[in-house]
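The values are calculated or read from the model by the stated rules, or taken from the named source; none is laboratory data. Bear in mind the structure is a predicted one, so any value in this text is a computation, not a measurement. Neighbour counts are summed over all protein chains in view; Cβ atoms, including those assigned to glycine, are modelled from backbone coordinates with ideal geometry. For the accessible areas, the whole protein counts, side chains as well, though only heavy atoms, and no ligand, DNA or RNA atoms are used. Shrake-Rupley method; radii C 1.70, N 1.55, O 1.52, S 1.80 Å.
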Amino acid sequence: MEINLPALFGQLLIGLINGSFYALLSLGLAVIFGMLNIINFAHGAQYMMGAFAAYFLLQFAGLNYWWALVLAPVIVGGIGIVIERAFLQWLYKLDHLYGLLLTFGLALIIQGLFRHRYGSSGLPYQIPPQLTGVRDLGFTFLPNYRAWVIVFSLAVCFGTWFMIEKTRLGAYLRAATENPTLVRAFGINVPRMITLTYGFGVGLAALAGVMAAPIYAVNPTMGADLIIVVFAVVVIGGMGSIMGAIVTGFGLGVVEGLTKYFFPEASNTVIFVIMVIVLVTRPAGLFGRAA
Amino acid sequence: MLDRTQDTLLQIEDLHAWYGESHILHGVTFHVKTGEVVTLLGRNGAGKTTTLKSIMGIVGKRTGSVKFEARELINLTSDTIARAGLAFCPEERGIFASLDVEENLMLPPQVRPGGLTREQIFELFPNLRERLRSQGTKLSGGEQQMLAIGRILRTGARLLLLDEPTEGLAPVIIQQIGNTIRKLKEQGFTILLVEQNFRFASTVADRYYIMEHGKVVEQFANTELDKKLETLHEYLGV
């Protein structure tokens, strides 16, 4: 078999970009699940809201992409905090299933509202002028914006990992994930920490949404399409593992890209095939600790 | 009680507590004075651990009165109670597996000035200094107990609630824990201790309360110990 290098690298690149979104989204899911014990099915809708927030900020406030990168996660994360206070906080003592059903319902409502108002054809969002253009790497062409997406999401993923694994705040988070009752009995306001954690995880989804807006059109169903794959990524990586979410996210993006080159027919199913294999051989996931 | 003097640090009256539907404490009343080491004795299931947890506010439902420095704590959440100046060392020690020894040690926030410094804690428990980078749960049982006590000494809390600190430990470690408790008492800490190991308790305690069926049924001072041995046998079967 002859290998067409430019095409191979092209697919690898697309894989890395998809992997950037898988990693950012599964990271948020892992953080939320670790702290709240909630499988946040609204994550795709919150990613979509991030993209829409960027669109609204530009349309109605004239605030460009860079503003959106900061403001959209804050706004959508703030909505997440309201959702946590209003709904999720009542579910922590119940089975995972209730949180999943509630967030799934929320996702359907949010997507339905946006589709009712904006249709499903998608709204355009321009690449910021600083990041237009293409770089010639010799073996392939790399659009600047896509390079930015890969580098920036790696930085955000690493920053989040560092905060959770290496800082004092992260030590609180890890300890509260293990034994919230005791951490609270040390004088730490654990319920507030849980609320902020949900806001942070939702903010990560919104950040991914802003980054996706110039690549994929801003569309009410953009999250619904993606979230199914992301859940498979989380299952493969192992629920609740931070590094697992990041490595698996990027890794599966690349695997998917390679499959598109070598066996395109399987590219849509390869992640799910891997998920089945992992579930059969390592039910806790590649990086998960057995419960 | 007769000796309810001004320096009562912790005053508990008619404390009831429930786990779900089951009523565990049926009106517990006792007090701890500043600088004392007081031990709750009793058989398994008498309500000793539940009493400590009720003081800390980590039991589902509780009624009655828990006053610390004359401040009522019964309706406060456990984080607020901790910030009032109480610290709890649970029976299962509660060392976090996802934190290393240093992170475990530094986890409880300071609630008041005047806690021990890291150096003072390492003087009490030299083993911890050698193991700072180890995963918390990789320590031996004795070292985990030292870590569990050490980390609450940093916070500035003046009342320590220790739940069976000697459980499952080797005699030489138990002795070390006993020395530590005496040193802490010298430094002015007030300690409420739950113990099954009466022989250990008798080496550190000033006063005892015996609990049965969720109530305090007997109290005596260390000086009355000889006279009370028979009562003790009756209640504890020792």
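With the charge dipole of chain B set up from +1 on Lys and Arg Cβ and -1 on Asp and Glu Cβ about the Cα centre, the Cα lying farthest toward the positive end among the listed residues B:55, B:96, B:35 is that of B:96. Computed from Cα atoms, the angle from the helix A:96-118 axis to the main principal axis of chain A rounds to 50 degrees.
Projecting the Cα atoms of B:25, B:198, B:127 onto the charge dipole of region B:8-233, computed from C-beta unit charges around the Cα centre, puts B:127 farthest toward the positive end.
For region B:29-89, the Kirkwood hydrodynamic radius comes to 12.5 Å, computed from all pairs of different C-alpha atoms. For region A:1-156, averaging the sequence separation of C-alpha pairs within contact (under 8 Å, six or more residues apart) and dividing by the residue count gives a relative contact order of 32 percent. Rounded to the nearest 10 degrees, the angle from helix A:43-61 to the longest Cα principal axis of chain A is 70 degrees. The number of Lys pairs in the protein assembly as shown with C-alpha atoms less than 17 Å apart, excluding pairs fewer than 8 positions apart on the same chain, is 9.
Taking every alpha-carbon pair under 8 Å whose residues sit at least 6 apart, chain A reaches a relative contact order of 39 percent.
Sorting B:183, A:93, B:228, A:260 by solvent-accessible area of protein heavy atoms yields A:93, B:183, A:260, B:228, largest first, with a 1.4 Å probe.
Rg/Rh for region A:28-223 stands at 1.02; both radii use Cα atoms, and Rh follows the Kirkwood definition. With the Cα gyration tensor of the protein assembly as shown giving a ≥ b ≥ c as the square roots of its eigenvalues, does the rule (a/c under 1.5 for rounded; else a/b larger than b/c for prolate; else oblate) give rounded, prolate or oblate? Since a/c reaches 1.5 and a/b is larger than b/c, the shape of the protein assembly as shown is classed as prolate. Counting only heavy atoms of the protein chains and using a 1.4 Å probe, residue A:103 has close to 0 Å² of accessible surface.
Looking at region B:8-233 alone, DSSP beta bridges between its own residues are antiparallel in about 60 percent of cases.
Computed with every protein chain present, the accessible area of residue B:83 is close to 110 Å² [probe 1.4 Å]. Starting from the Kirkwood radius over alpha-carbon pairs of chain B, derive D by Stokes-Einstein at 20 °C in a medium of 1.002 mPa s and give it in µm² s⁻¹. Rounded, D is 118 µm²/s. Accessible surface buried at the A:B interface totals approximately 1700 Å², computed with a 1.4 Å probe on protein heavy atoms. Looking at the protein assembly as shown, the accessible area is 44 square angstrom per residue; that uses a 1.4 Å probe and ignores ligands, DNA and RNA.
Quick check: with the 1.4 Å probe, what order do B:186, A:165, B:164 take by accessible area, largest first? Show your work: numbers first, answer last.
Working: B:186 155, A:165 60, B:164 15 Å².
Listed by decreasing accessible area, they come as B:186, A:165, B:164.
Near residue B:36, the amide H atoms lying under 5 Å from its own belong to B:191; only residues 5 or more places off or on other chains count, and H is placed 1.01 Å from N.
So if R0 is 51 Å, what FRET efficiency would residue B:70 and residue A:155 give, r being the distance between their Cβ atoms, rounded to the nearest 0.05? Result of the calculation: an efficiency of 0.45. Computed from point charges on the beta carbon alone (+1 for Lys and Arg, -1 for Asp and Glu), the dipole magnitude for region B:40-192 about its Cα centre is near 380 Debye. Within region B:101-214, the proportion of C-alpha pairs whose separation exceeds 23 Å stands at 28%. Measuring with a 1.4 angstrom probe and ignoring ligands and nucleic acids, residue A:263 comes out at about 120 Å² accessible.
For the protein assembly as shown, what % of the accessible area comes from carbon and sulfur atoms, probe 1.4 Å?
Details: 13920 of 23220 Å².
Its accessible area is 60 percent carbon and sulfur atoms.
With Cα atoms defining each centre, region B:51-107 and region A:2-73 are spaced 40 Å apart in the structure. Between helix A:270-281 and chain A, what is the angle of the helix's C-alpha long axis to the longest principal axis, kept within 0 to 90° and rounded to the nearest 10? Long axis of A:270-281 versus the principal axis of chain A: about 40 degrees. For region B:30-181, the relative contact order is 26 percent, taking Cα pairs closer than 8 Å that sit 6 or more residues apart in sequence and dividing their mean separation by the residue count.
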